[in-house]
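A quick write-up on the structure given underneath.
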Amino acid sequence: MQYKTLGNTGLLVSSLCFGTMTFSGGAGFWKVIGTVDQAGADDLVKASIEAGINFFDTADVYSEGESEKTLGQSLKNLNIARKDVVIATKVFGRVGPGRNDVGASRGHIMDGVEASLRRLQTDHIDLYQIHASDSITPVEETLRALDTLVQQGKVRYIGASNWQAWKLSKALGISEFKNLARFDTLQAYYSIAGRDLEREIVPLLEAEKTGLLVWSPLAGGLLSGKFSRENQKPEGSRRSEFDFPLVDKERTWKILDAIAPIAKAHGCSAARISLAWLLSKPVVTSIIIGAKRLDQLQDNIAAIEVKLTADEIKQLDEVSALPPEYPGWMLPFQNANRLDPAAARPASSETK
């Protein structure tokens, strides 16, 4: 296993993080997603620990809170020392019928953290993340609530998820100006089939030394190897029932066509190549992998051993490249001569 610091902190986390959205089931949407019972969860957590994973991600809305309960119980059942794991969870989503049972207000955050601590059976959360961008609550209110939790010791680091670049930038500025706890990470969707965040978010994360935690690195299973242009709805796949996250399908089929010979050359699955491509990106701190079965988990973990060549990375970068979009295409055009003033000067009469 490889390890990186959690953003600009001294906390080391594994480059692969085990995500527990598949734990414990429930009603509606979660009946499709969360099919792993306690015994199955124990097996998956144990295999993760044995592979060197020390980072676990969940959320208060996963399986209506049952995912947190199951993760906390697994750590107890396996006698895992609290100091040996980094637990991340999230707050924002609706957890009840009340007007304030959702969002990033101080009230909901304070209620949410207490409920998560109880379900996880712990006295602190290592990384507490705001699960979505709240269009109502002022950013400063959210940050002050999180800062209070850090001061109380209930939360050690804070992060955001699914935020716009401008809003994350604003939050980082407020934290610096007001001396409040600072977002150390952004959890966002990123895959070889969905590189949208490279336009604005990745440059921001790199400039601010903010860590990137990747969710749905296989594009909801689209990059697992089960899907192809000829087989777009394989039986038994979650994505066949729930077509998410949004991707350009035609572009994805071309990407999978490029992945196939590379996977064959490495003697591994398309999923491993997709994960290895992400692991090659310096901005990525940790990739959140979810699994319902041990064989899925073991295949994903094996991506750590795949070392893509520079030429293979170039091939994958080119086939998955984003289409040009303003102002992105204008920047290299206008900066072409930035470091070579002579090249920008009109030719002298001697050279005409």
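Quick notes on this structure:
- Exposed chymotrypsin sites (Phe, Trp or Tyr not before Pro) absent - longest run of the chain, DSSP non-H/G/I/E/B, at most 16 other C-beta within 10 Å: 1-241
- Pair residue 246, residue 179: separation of 7 Å Cα→Cβ label points (nm): 4.3
- CD proxy at 222 nm, helix term only [per DSSP H run n ≥ 4: -39500 (n - 2.57); per residue of the chain; nearest 500]: -11500 deg cm²/dmol
- Each label point was placed 7 Å from the Cα along the Cα-to-Cβ direction; for residue 123 and residue 8 their separation is 3.1 nm.
- The angle between the Cα long axis of helix 66-77 and the longest principal axis of the Cα atoms of the chain comes to about 70 degrees, rounded to the nearest 10.
- With Cα atoms as the point set, the stretch 291-333 shows a radius of gyration and Dmax of 16.9, 49 Å.
- Sorted largest first, extent of the stretch 251-313 alpha carbons per principal axis (Å): 30, 24, 23
- Between 0 and 90 degrees, the angle of helix 106-120 with respect to the longest Cα principal axis of the chain falls at about 70 degrees.
- In a reduced charge model with +1 at each Lys and Arg Cβ and -1 at each Asp and Glu Cβ, the chain shows a dipole moment near 160 debye about its Cα centre.
- Stokes-Einstein D for the chain, Kirkwood Rh over Cα pairs, 20 °C, 1.002 mPa s (µm²/s): 100
- Projecting the Cα atoms of 262, 9, 212 onto the charge dipole of the chain (Cβ charges, centred on the Cα centre) puts 9 farthest toward the positive pole.
- Helix 270-279 vs. the chain, principal-axis angle (Cα, 0 to 90°, nearest 10): 80
- Surface exposure of the stretch 131-230, expressed per residue as accessible area with a 1.4 Å probe, stands at 42 Å².
- In the chain, a dipole from Cβ-located charges (positive for Lys and Arg, negative for Asp and Glu) runs towards its positive end, and of 224, 160, 34 it is 160 whose Cα lies farthest in that direction.
- The phi torsions of the stretch 248-253, fed into the Karplus equation with coefficients 6.51, -1.76 and 1.60 and a -60° offset, translate into couplings of 7, 5, 4, 5, 5, 4 Hz, rounded to whole numbers, with Gly and Pro shown as x.
- Protein accessible area in the chain, 1.4 Å probe - carbon and sulfur %: 52
The values are calculated or read from the model by the stated rules, or taken from the named source; none is laboratory data. Treat the numbers as computed from the prediction; the structure is a model and nothing was measured. Ideal geometry is used to build each Cβ from the backbone, glycine not excepted, and the neighbour counts take in all protein chains shown. Areas reflect the complete protein model, heavy atoms only, side chains present, ligands, DNA and RNA absent. Shrake-Rupley method; radii C 1.70, N 1.55, O 1.52, S 1.80 Å.
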